[in-house]
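**Q** Attaching a single structure in structure tokens format; questions to follow.
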Amino acid sequence: MFFRLKIPPGLDKSFWVAVLVILSVELALHSEPIIYRYRSVFAVGRALDKLHYVEKNPPHLLFIGNSRTDNGIDPRTISHAIGRPDAYSFNLGMPGANMLSYHGIVERLNMQGLLGAQGIHTVIIGLDESALQEDNSLGYVGFMAHRATLWELNRYQDWLGSYLRLWSYSENLRQLREPDKTLRFLEASIRSLDPVGGAAATHLGYRAGFGAAQNEAQVVRQENAAQQPPSPGVETFLWRTIELLQSQGVRVFVAIPPLRDRSSAFLDTSPAAVSYQALLARLQKQGVTVLSTSAGYEPSEFINAGHLNDRGAQRFSAEIGQQLAMQGIQ
């Protein structure tokens, strides 16, 4: 005797097929292997590629930040500057990420026992104005943010989105309407396909000279963020991240990436940037060393107004590496 599903009146089989498809997509969005599979299509997949590499090959120096870190720090140049082998440092920059995601990653690494003297003993946060704004345009928060902290800080929508990812990530899934994205999705479904700039291991997380891949809309958002003070709700995650790192004996530094057409708000002494000046003072008060960079970067060292090209990144990385060496990072 076979069990036969009875379909309620008014509902046909197409309804249940639709339900099955929706549930399947939701489950897929909770599978890291599947997200990783599409690392060449979605930013979250590339971020997981980097994170998995760090978990399997913990560096001693870890750089976290957004796209300005992603394409502005070459770990091999850093390692050379401090006299260490290539694998000594890693760039975990994630384009479009903010402090919610940085904090979640640090919590995850801590839960795996990777922070401290025998593992990741130094973290350098690439800090700019957009890292402190309420921006989740690439959908990292639902995947990377720390759920318990989201709940504790009354960020219930973000907390719920980490469980209902089809809802929270729907804007990013709509990218598949673009022919180029669709073709890349199909190709990644058939064979393993690395993201633009190569796999995490290729350049130790650094996306070298990736000019054409820079999302212009993201550049505009980052520049618009420079006109706004830090979001209090996002800034809280900065202090939580620093407190967690320091509690594990990790030395924390901040690096402020150079910009082509203006000074970073952190370095702006005008009244308009008073909130960033206060934040910078608090960083120093909490024992965080803010690394300085030389002025006078040439326009030819930038991809666009906010991002260094490979030439600029090599200069910036060498400066950061030299300062870390002067700070006794061995």
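The values are calculated or read from the model by the stated rules, or taken from the named source; none is laboratory data. Predicted model only: the values in this text are computed from it and were never measured. Cβ atoms come from the backbone with ideal geometry, glycine included; neighbour counts cover every protein chain shown. Accessible surface areas use protein heavy atoms only, side chains included; no ligands, DNA or RNA. Shrake-Rupley method; radii C 1.70, N 1.55, O 1.52, S 1.80 Å.
**Q** Residues being within 17 Å of GLY306 (Cβ to Cβ), modelled with pLDDT of 65 or more, open to solvent by less than 50 Å² (accessible area, probe 1.4 Å) and not in a loop (DSSP other than H, G, I, E, B): count how many of those fall in region 196-241.
**A** Residues that pass the stated criteria total 1.
So that you can scan it fast, the table gives a plain yes or no per residue for (1) outside any helix (DSSP H, G or I); (2) open to solvent by less than 60 Å² (accessible area, probe 1.4 Å); (3) under 17 Å from THR122 (Cβ atoms):
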{"position": "ASP261", "(1), (2), (3)": "yes, no, no"}
{"position": "TYR276", "(1), (2), (3)": "no, yes, no"}
{"position": "THR293", "(1), (2), (3)": "yes, yes, no"}
{"position": "GLY312", "(1), (2), (3)": "no, yes, no"}
{"position": "ARG315", "(1), (2), (3)": "no, no, no"}
{"position": "GLU319", "(1), (2), (3)": "no, yes, yes"}
{"position": "LEU324", "(1), (2), (3)": "no, yes, yes"}
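**Q** Could you please let me know if GLU298 is among the acidic types (Asp, Glu) and modelled with pLDDT under 95?
**A** Working: among the acidic types (Asp, Glu): yes; modelled with pLDDT under 95: yes.
Yes, satisfied.
**Q** If you don't mind, another one. Kindly provide the set of residues from region 28-44 that are closer than 21 Å to ASN110 by Cα and open to solvent by less than 20 Å² (accessible area, probe 1.4 Å), ordered by number.
**A** Hit for region 28-44 is VAL44, nothing else.
**Q** Take the residues in region 141-154 that are in contact (Cβ under 8 Å) with a residue 24 or more places away in the chain and open to solvent by 40 Å² or more (accessible area, probe 1.4 Å); name whichever of them is nearest to GLY104 (Cα to Cα).
**A** Selected residue: HIS146.
**Q** A further question on this structure: Output the number of residues of region 109-120 satisfying the condition of being closer than 17 Å to VAL252 by Cβ and either buried (at least 20 other Cβ atoms within 10 Å of the Cβ) or out of contact with any strand residue (DSSP E or B) (no Cβ under 8 Å at 6 or more places or on another chain) (or both). Lay out the reasoning, then the answer.
**A** Going residue by residue through region 109-120, those that are closer than 17 Å to VAL252 by Cβ are 109-110, 114-117, 119-120.
After this cut, where a residue has to be either buried (at least 20 other Cβ atoms within 10 Å of the Cβ) or out of contact with any strand residue (DSSP E or B) (no Cβ under 8 Å at 6 or more places or on another chain) (or both) as well, the list is 109-110, 115-117, 119-120.
Going through region 109-120 one residue at a time, the tally reaches 7.
**Q** Exactly one of these conditions fails for LEU160: (1) surrounded by fewer than 21 Cβ atoms within 10 Å (Cβ to Cβ); (2) in contact with a Pro (Cβ under 8 Å, 6 or more places away or on another chain); (3) modelled with pLDDT of 95 or more. Give me its number.
**A** Of everything listed in (1) surrounded by fewer than 21 Cβ atoms within 10 Å (Cβ to Cβ); (2) in contact with a Pro (Cβ under 8 Å, 6 or more places away or on another chain); (3) modelled with pLDDT of 95 or more, LEU160 misses just condition (2).
**Q** Shifting gears a bit: What number of residues within region 123-140 satisfy the criterion of being surrounded by fewer than 20 Cβ atoms within 10 Å (Cβ to Cβ) and more than 13 Å from the chain's Cα centre (by Cα)? Steps first, answer last, please.
**A** Within region 123-140, the subset surrounded by fewer than 20 Cβ atoms within 10 Å (Cβ to Cβ) is 134, 137.
Subsequent filtering for residues that are more than 13 Å from the chain's Cα centre (by Cα) retains 134.
Counting residues in region 123-140 that are surrounded by fewer than 20 Cβ atoms within 10 Å (Cβ to Cβ) and more than 13 Å from the chain's Cα centre (by Cα) gives 1.
**Q** Here's another thing I want to ask about it. Name the one entry in TYR88, TYR53 that is over 23 Å from ARG155 (Cβ atoms), modelled with pLDDT under 95 and crowded, with 18+ Cβ neighbours inside 10 Å.
**A** Values: TYR53 fails: modelled with pLDDT under 95.
The conditions single out TYR88.
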